[in-house]
1. Pick out which of B:SER67, B:SER49, B:SER80 has the largest mean-square fluctuation in a Gaussian network model of chain B, springs linking Cα atoms closer than 10 Å.
2. Using the number of other C-beta atoms within 10 angstrom as an exposure proxy, rank B:HIS47, A:HIS74 with the fewest first.
3. For segment A:4-108, what relative contact order do you get, as a whole percent, if you take Cα pairs closer than 8 Å and at least 6 residues apart?
4. Which value in Å does the Kirkwood hydrodynamic radius of segment A:1-53 take, with 1/r averaged over all unlike C-alpha pairs and then inverted?
5. Given springs between every Cα pair under 10 Å in a Gaussian network model of chain B, which of B:LEU76, B:LEU13, B:LEU21 has the largest fluctuation?
6. Under a 5 Å amide H to amide H cut-off, with H placed in plane at 1.01 Å, what residues pair with A:GLU55 once short-range neighbours are removed?
7. Counting pairs of alpha carbon atoms under 8 Å apart in space and at least six apart in sequence, what relative contact order in percent does chain B give?
8. Just round it to a whole percent: the fraction of Cα-Cα distances in chain B exceeding 18 Å.
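The numbers here are math on the coordinates, done by the rules we state, and not lab data. Given the structure is predicted, the values throughout are model-derived calculations rather than measurements. Using ideal geometry, Cβ is built from the backbone for each residue, glycine included, and neighbour counts are taken over all protein chains shown.
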Amino acid sequence: EDQVTQSPEALRLQEGESSSLNCSYTVSGLRGLFWYRQDPGKGPEFLFTLYSAGEEKEKERLKATLTKKESFLHITAPKPEDSATYLCAVYQAGTALIFGKGTTLSVSS
Amino acid sequence: NAGVTQTPKFQVLKTGQSMTLQCAQDMNHEYMSWYRQDPGMGLRLIHYSVGAGITDQGEVPNGYNVSRSTTEDFPLRLLSAAPSQTSVYFCASRSSFSSHEQYFGPGTRLTVT
C-alpha cells in the first residue's frame with residue numbers, strides 16, 4: 001500500500017484556469033510534508049515545507065495547505081510556465097523522505 | 001555555490017560492467033542521499049549518509065555501494081550492472097536532521113543493455 005498518493009496523475013488546464021493537486025498520506029508521526037517541482041530532464045526543485053495541520057504556504061501562483069490526512073497544492077490563474085511535474089513527499093520520524101509518484105501539470109495558452 | 005553536481009549526465013553500460021556515479025555538494029551539508037526515478041514508481045531511496053564515514057541503506061539498496069570519505073562527495077557504485085538498473089539517478093543533500101529541505105542534483109540517466 002502506497003504511503004503517499006498523489007492525484008490526479010495528470011492535469012491539463014487552460015491558462016488562467018485555477019485548480020488543485022492532492023497529496024494524501026497514511027504515515028503516522030508525520031514530521032513534515034514537502035512539495036517539489038520537477039521539470040523534464042531536471043532534478044526536483046524544492047517549493048514548500050508544511051509541518052502541522054492548518055498550515056499554509058504561498059509562492060507566486062502556488063499555495064500549499066495541510067490537513068491531518070492530506071495536502072493540497074492550489075494553483076491560481078496558472079501560466080504555461082507552471083507546466084511541470086509536482087511531487088509530494090513526507091518525512092516520518094526515523095525514516096527518510098517518502099515520495100509520491102507525482103502529478104504532471106500541463107497549462108496551455 | 002554550484003549546489004549539488006552530478007557526473008556523468010548520461011551513461012550507457014553493458015550488463016556486468018561496473019561504474020561509479022559521482023555526486024558533490026558545496027553547501028557543507030551533512031546529509032546526502034541517492035535516489036532512482038523510474039516511470040510510474042516515483043523517487044526511491046537507494047542509500048544515504050548522515051555524515052562523513054556513516055552510510056545506511058534505503059528502500060532499494062541491492063546492487064549498489066556507497067562510501068562517504070568527505071563531507072562534499074558521495075559516490076554511488078554499481079558493482080555489476082543489470083538491465084533493471086536502467087533509470088535516472090538523483091543525488092540530494094540537506095543541512096541537518098531538523099530540516100528536510102533537500103536540494104537535488106541534475107541527475108544521471110543510465111541505460112544498461
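1. Evaluated over chain B, the most mobile residue of the options is B:SER80.
2. Least to most surrounded, the residues fall as A:HIS74, B:HIS47.
3. Values: 264 pairs, mean separation 39.8, N = 105.
Across segment A:4-108, relative contact order equals 38 percent.
4. Details: mean 1/r = 0.0748 Å⁻¹.
Evaluated on segment A:1-53, it is 13.4 Å.
5. Result: B:LEU13 has the largest fluctuation of those listed.
6. Here A:LEU66 satisfy the definition.
7. On the way: 298 pairs, mean separation 40.5, N = 113.
So the answer I get is 36 percent.
8. Numbers: 2810 of 6328 pairs.
Roughly 44 percent, rounded to a whole number.
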